[in-house]
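So the structure is just underneath, and the comments pick up after that.
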């Protein structure tokens with residue numbers, strides 16, 4: 001956005017343009033017709049705001065970020081975007097040439113700004129959602145594209161109505177492909193994110209019993225994910241699993257639909273020419289979705305794909321005593337739990353150990369779904385099952401504890417040389433504490 005004038009930026013955001021109340025004589029003031037370069041970056045953290053940054057003060061449930069606009073300007077921020085009640089205080093302290101943008105709804109203004117920048121970039125946009133595997137698919141897809149196109153992808157979990165606009169606005173001029181992950185916490189959110197991103201390609205990795213507590217049924221989950229299909233322009237490409245009938249009612253005749261997985265147009269056989277660095281079944285399925293999306297924007301990956309998976313999503317860590325830990329504790333649901341247990345069965349050469357915690361937001365069937373995972377763990381050859389949390393107790397493991405801290409202490413005394421340990425739960429359980437404790441013990445040894 002460095003090439004945008006403050007006037008252009010204000011128009012794009014639907015905001016009013018102002019500046020310092022006491023400019024020095026002869027200084028260029030935003031709005032007076034003289035050139036003032038635009039911002040380099042957008043941030044919502046006033047502590048992170050510095051020269052070249054536009055700080056957006058978002059109202060929150062506990063704190064209104066607009067209160068910190070003056071501090072951001074004091075640290076040299078290019079300008080601020082705030083609600084009207086904070087504009088005057090910001091303008092009083094604003095240095096000469098600082099920009100004060102005012103909008104009744106700063107979040108909506110941030111989102112409009114992102115859409116305008118997406119259009120200005122003229123990048124191809126790929127949006128990825130799904131009940132499981134969307135982050136890994138996004139990571140794999142970005143790795144496939146980066147050797148061929150200037151690519152920007154969602155960092156970690158910047159996949160919400162706030163994070164997605166920030167991702168778009170972080171893309172520098174010349175970006176050719178944006179890979180955007182779309183989160184879903186309820187009906188309407190995917191539609192909102194799609195309207196901001198205006199994707200050319202929409203990827204739905206799968207549909208499963210995730211967020212059923214919020215939406216009521218798996219069919220409602222499918223409808224929420226399918227909001228991405230409704231948000232695609234005519235002629236765009238939809239990349240969908242080959243075996244998901246719940247998406248069928250939401251298909252559109254004016255989209256190009258590509259199926260991935262067994263029975264689809266892109267299958268595991270298409271990965272033959274790629275060196276991916278993993279061979280688990282669920283990750284290879286994610287890779288077929290990523291490959292279908294890459295092909296949709298004209299890229300044919302080949303050779304070694306250097307994939308940097310987001311944190312806590314299946315990273316394999318090795319510790320002293322020949323202990324292998326699979327750190328997959330960012331999220332969990334019945335689909336991803338089964339896939340991870342199947343991979344543990346296939347890959348472990350020694351004793352199979354699983355530390356499994358609560359799967360959250362499963363609704364009234366949570367008890368039976370947790371019990372089924374316990375059964376599946378035993379079928380997958382897990383020899384030591386440690387459960388964490390009240391819902392996970394229904395898995396009927398060998399040992400049960402209430403918290404991640406207790407699990408960390410208990411597990412250390414149960415491990416044996418050669419063990420492979422799967423650590424997996426919903427994010428709220430905090431099972432990364434178990435992996436951190438093992439790492440700390442290994443360093444102290």
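The values are calculated or read from the model by the stated rules, or taken from the named source; none is laboratory data. Since this is a predicted model, take the numbers as computed values, not measurements. Quick reminder, even Gly has a Cβ in these numbers, built from the backbone with ideal geometry, and neighbours come from all protein chains shown.
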When (1) over 22 Å from residue 391 (Cα atoms); (2) not in a strand (DSSP E or B) are applied to residue 324, the one that fails is (2)
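Please tell me if residue 374 is at pLDDT below 95 and either in contact with a strand residue (DSSP E or B) (Cβ under 6 Å, 6 or more places away or on another chain) or under 29 Å from residue 131 (Cβ atoms) (or both).
no
Mind listing whichever residues of the range 146-193 are under 9 Å from the mean Cα position of the chain (by Cα) and in a strand (DSSP E or B)?
In the first step, residues of the range 146-193 are kept if they are under 9 Å from the mean Cα position of the chain (by Cα); the result is 154-160, 163-164, 180-183.
Within the range 146-193, 180, 181 meet the criteria.
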Counting only residues that are surrounded by 22 or more Cβ atoms within 10 Å (Cβ to Cβ) and part of a helix (DSSP H, G or I), the range 108-138 contains a total of 12
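This table checks each residue for (1) outside the structural domain of residue 283 (by TED's automatic domain parsing); (2) in contact with a helix residue (DSSP H, G or I) (Cβ under 6 Å, 6 or more places away or on another chain); (3) not in a helix (DSSP H, G or I).
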{"residue": "342", "(1), (2), (3)": "yes, no, no"}
{"residue": "371", "(1), (2), (3)": "yes, yes, no"}
{"residue": "375", "(1), (2), (3)": "yes, no, no"}
{"residue": "397", "(1), (2), (3)": "yes, no, yes"}
{"residue": "437", "(1), (2), (3)": "yes, yes, no"}
If you go through 291, 214, the only one that is outside the structural domain of residue 341 (by TED's automatic domain parsing), in a helix (DSSP H, G or I), surrounded by fewer than 18 Cβ atoms within 10 Å (Cβ to Cβ) and in contact (Cβ under 8 Å) with a residue 40 or more places away in the chain is 214
Scanning the range 171-183 for residues that are more than 20 Å from residue 301 (Cα to Cα) and crowded, with 19+ Cβ neighbours inside 10 Å gives 171, 181, 182
The lone condition residue 332 fails out of (1) in contact (Cβ under 8 Å) with a residue 12 or more places away in the chain; (2) under 12 Å from residue 423 (Cβ atoms); (3) surrounded by fewer than 19 Cβ atoms within 10 Å (Cβ to Cβ) is (3)
**Message:** Regarding the range 381-394, can at least one residue be identified that is assigned by TED's automatic domain parsing to the domain that holds residue 354, part of a helix (DSSP H, G or I) and more than 19 Å from residue 362 (Cβ to Cβ)?
**Reply:** no
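Within the group 215, 229, which residue is over 17 Å from the mean Cα position of the chain (by Cα) and at pLDDT below 95?
Residue meeting the stated conditions: 215.
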Residue 105 meets each of (1) surrounded by fewer than 17 Cβ atoms within 10 Å (Cβ to Cβ); (2) under 17 Å from residue 177 (Cβ atoms); (3) at pLDDT 95 or above with one exception, condition (2)
ask   = Does residue 161 count as modelled with pLDDT of 95 or more, surrounded by fewer than 23 Cβ atoms within 10 Å (Cβ to Cβ) and assigned by TED's automatic domain parsing to the domain that holds residue 222?
value = yes
With criteria (1) under 24 Å from residue 384 (Cβ atoms); (2) under 20 Å from the mean Cα position of the chain (by Cα); (3) part of a loop (DSSP other than H, G, I, E, B), residue 336 comes up short on (3)
By residue number, the members of the range 258-273 that are surrounded by 17 or more Cβ atoms within 10 Å (Cβ to Cβ) and either over 21 Å from residue 124 (Cβ atoms) or out of contact with any helix residue (DSSP H, G or I) (no Cβ under 9 Å at 6 or more places or on another chain) (or both) are 261, 264, 267, 271
Among (1) in a strand (DSSP E or B); (2) within 16 Å of the chain's Cα centre (by Cα), residue 330 falls short only on (1)
